[in-house]
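Some notes on the structure that comes next.
The values are calculated or read from the model by the stated rules, or taken from the named source; none is laboratory data. All values derive from a computational prediction rather than experimental measurement. Heads up, the Cβs are rebuilt from the backbone with ideal geometry, glycines too, and the neighbour counts pull from every protein chain shown. All accessible areas refer to the heavy atoms of the entire protein, side chains included, with ligands and DNA or RNA removed. Shrake-Rupley method; radii C 1.70, N 1.55, O 1.52, S 1.80 Å.
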Amino acid sequence: MFIAIGSDHRGVEMKAAIIRLLGDMGYQLQDVGAYDKQSVDYPDIARDVCEQITCGTCERGILICGTGIGMSIAANKVRGIRAALCCDTFMAERSRLHNNANVLCLGAEKTQHVEDIIMIFLTTSFDDGRHCKRLNKLADMQN
């Protein structure tokens with residue numbers, strides 16, 4: 001699976017740890033920045049990760065900022081993106097099962113059990129059925 005990953009300056013350390021973890025597990029990663037702790041604008045990073053998904057280069061994305069809130073707001077502005085801010089494994093599982101989320105947003109300053117959250121997000125399949133109708137309604141809202 002190809003995964004796009006990005007963070008603002010507050011998420012650089014968490015992003016580096018995630019890159020090591022997922023790289024060791026054989027995932028292919030596209031790191032779009034930030035690369036150091038110099039201040040950057042999170043909407044730019046969110047857009048770059050989302051473009052990797054909407055153009056088909058990557059299947060999923062991970063975005064990290066201090067709280068995860070800004071990244072989730074920015075990512076959800078992009079047509080075709082369903083970004084979920086997940087603070088625990090239950091949220092990660094439901095974001096995939098019910099919403100077919102394709103971007104996981106994390107808060108570097110608040111989120112614990114990050115490895116577990118990521119693994120559930122990456123391995124849980126969408127349970128289409130009744131949820132497809134809802135996703136279609138969400139897609140219609142972007143038109």
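What to note about this one:
- Charges were assigned to the Cβ only: +1 to each Lys and Arg, -1 to each Asp and Glu. The resulting dipole of region 1-71 about its Cα centre is roughly 160 debye.
- Distance from region 56-94 to region 1-43 (C-alpha centre basis), Å: 13 Å
- In sequence order, calculated HN-Hα J values of region 93-110 (Karplus, 6.51, -1.76, 1.60; Hz; x Gly/Pro): 5, 5, 4, 7, 4, 9, 10, 6, 4, 10, 9, 9, 10, 10, x, 4, 8, 10
- Top positive-direction residue, dipole computed over the chain with Cβ charges, set L135, C50, G11: L135
- Taking amide hydrogens as placed 1.01 Å from N in the peptide plane, the amide H of G66 sits under 5 Å from those of R10, A108, each at least 5 positions away in sequence or on another chain.
- Residues of type aspartates and glutamates that K15 reaches as a straight line, Cα spacing below 19 Å, ignoring anything fewer than 8 places off in the same chain: D24, D31, D36, D41, D44, D48, E51, E59, D88, E109, E115, D116
- For the chain, the longest principal axis of the Cα atoms and the long axis of helix 12-24 meet at an angle of about 70 degrees.
- Loop-located GluC sites (Glu not before Pro) in region 1-83 (DSSP state other than H, G, I, E, B) with a sparse environment of at most 15 neighbouring Cβ atoms within 10 Å: E59.
- What the phi angles of region 61-70 give under the Karplus curve with 6.51, -1.76 and 1.60, with θ = phi - 60°, is a coupling list of x, 10, 10, 9, 9, x, 10, x, 5, x Hz, glycine and proline written as x.
- Taking the 1.4 Å solvent-accessible surface of region 78-130 as the whole, the part contributed by carbon and sulfur is 46%.
- Estimated 222 nm signal from helices in the chain, with DSSP H stretches of n ≥ 4 weighted -39500 (n - 2.57), rounded to 500: -13500 deg cm²/dmol
- Phi-derived couplings, Karplus 6.51 cos²θ - 1.76 cosθ + 1.60 at θ = phi - 60°, listed residue by residue for region 122-131: 7, 10, 7, 8, 6, 9, 3, x, 5, 6 Hz, with x used for Gly and Pro.
- With contacts taken as Cα pairs under 8 Å at a separation of at least 6 residues, region 1-65 carries a relative contact order of 52 percent.
- Tilt relative to the chain, helix 42-54 - C-alpha long axis, 0 to 90 degrees, to 10: 50 degrees
- Cut-off under 5 Å, modelled amide H: who pairs with L29 long-range: I3
- Compactness of region 71-126, expressed as Rg and Dmax over alpha-carbon positions, Å: 10.5, 30
- For the pair K133 and M119 in one chain, pulling the backbone fully straight at 0.36 nm per residue adds 2.4 nm over the alpha carbon distance.
- Highest-MSF residue in the chain out of Q52, Q38, Q28 [GNM, Cα springs under 10 Å]: Q38
- Taking all pairs of distinct alpha-carbon atoms in the chain, Kirkwood radius in angstrom: 14.8 Å
- Within region 1-46, the trypsin sites (Lys or Arg not before Pro) that combine a DSSP coil assignment with at most 13 other C-beta atoms in a 10 angstrom radius are K37.
- Placed amide H near L85: partners under 5 Å, 5+ positions off or other chain: C105
- Relative contact order for the chain, counting Cα pairs under 8 Å that sit 6 or more residues apart, in percent: 23 percent
- Options L97, M119, A34, ranked by Cα towards positive dipole end of region 18-143, top entry (Cβ charges): L97
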